[in-house]
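Everything below concerns the one structure shown next.
The values are calculated or read from the model by the stated rules, or taken from the named source; none is laboratory data. Quantities reported herein were computed from a predicted structural model and do not represent experimental measurements. Cβ placement follows ideal geometry from the backbone for every residue including glycine, while neighbour counts extend to all protein chains displayed.
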Amino acid sequence: MQMKKQLAVLVASAALLAACGDKEEKPNVKEPEEKVDTEQPAVEEGEQQVDAAFAIYEGEIVKVNGTSLEDMSLELKQVNSDEPIHIKAQPKTLLFENGGEALKFEDLKEGDRIHAYMDSKKPVVMIYPPQYTADVITVQKADEPNGIDVAKYNDQLENDTNTLKLNESDDTKITDEAGETLTWDDVKGANAVVFYGATTRSIPAQTTPDKIVVLKTTLQP
């Protein structure tokens, strides 16, 4: 009886050893790590970033504060934003209607649609609502939606955003801020307010402007 028990133990041990020997050990394979691409896309050759000389703010006058251009503050409801802004002026700020006629502070009314142009390099006061000091303000007064461009023009008479090119004409009235007559050569390389009508369907659009005011002193401190 004792012999049978010992034999049974030996058989069981042999079977266990055989099972362990047949079991293959799996290699320790490391799972591949997920790779995150942090490399920035390359900029194509010839691609340039356009820096406009003027920032533009468009909206409707909600309230006119002040008694003159020097202490003026226009509360503006922007066209493309619910955020209110205040437009201030400085002694050299120019006011025009969209047809090119010069305006005065007294001509500004609640409900007027305006465009305020500010030197894009000018520092901005960190305050809420945002407050911007305009160099040029144009008001939609005339019935016809005449085009207005406030920009820097190169020697080819193209603006700094490559959206408008001027065609020279003797019929175009060109002056400085004081009304002194200038020539087309004075427009080249200068900041200017351009009033124009029809344009071509090209890039840049081309136009023969009605009036140009070259900004000689407006942007000076």
note = Of 141, 152, 165, the only residue that is surrounded by 15 or more Cβ atoms within 10 Å (Cβ to Cβ) and assigned to a loop (DSSP other than H, G, I, E, B) is 141
query = Out of all the residues in the range 202-221, is one or more surrounded by fewer than 15 Cβ atoms within 10 Å (Cβ to Cβ), assigned by TED's automatic domain parsing to the domain that holds residue 165 and on the phi > 0 side of the Ramachandran plot?
reply = no
ask   = So, in the range 187-212, of the ones that are in a strand (DSSP E or B) and within 21 Å of the chain's Cα centre (by Cα), which residue ends up farthest from residue 136 (Cα to Cα)?
value = 205
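Residues checked against (1) of a type in the set (D, E, K, R); (2) in contact (Cβ under 8 Å) with a residue 60 or more places away in the chain:
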{"residue": "138", "(1), (2)": "no, no"}
{"residue": "141", "(1), (2)": "yes, no"}
{"residue": "151", "(1), (2)": "no, yes"}
{"residue": "155", "(1), (2)": "yes, no"}
{"residue": "165", "(1), (2)": "yes, no"}
{"residue": "178", "(1), (2)": "no, no"}
{"residue": "183", "(1), (2)": "no, no"}
message = Pairs please, first residue from the range 101-120 and surrounded by fewer than 19 Cβ atoms within 10 Å (Cβ to Cβ), second anywhere and among the acidic types (Asp, Glu) and in a loop (DSSP other than H, G, I, E, B), Cβ atoms under 8 Å, 6+ apart in sequence or on different chains.
response = 119/135; 120/51
Scope the range 168-198; condition hydrophobic (A, V, I, L, M, F, W, C) and loosely packed, with under 12 Cβ neighbours inside 10 Å; matching residues = 178, 198
Residue selected from the range 163-186 under the condition of a type in the set (A, V, I, L, M, F, W, C) and farther than 21 Å from residue 92 by Cα, by the criterion nearest to the chain's Cα centre (by Cα) = 164
task = Of all residues in the range 95-138, count the ones that are in a loop (DSSP other than H, G, I, E, B) and farther than 17 Å from residue 177 by Cβ.
result = 17
request  = Determine if the range 58-73 includes at least one residue that is among the small types (Gly, Ala, Ser), at pLDDT below 90 and over 25 Å from residue 179 (Cβ atoms).
outcome  = no
ask   = In the range 100-119, how many are of a type in the set (Gly, Ala, Ser) and farther than 19 Å from residue 76 by Cα?
value = 2
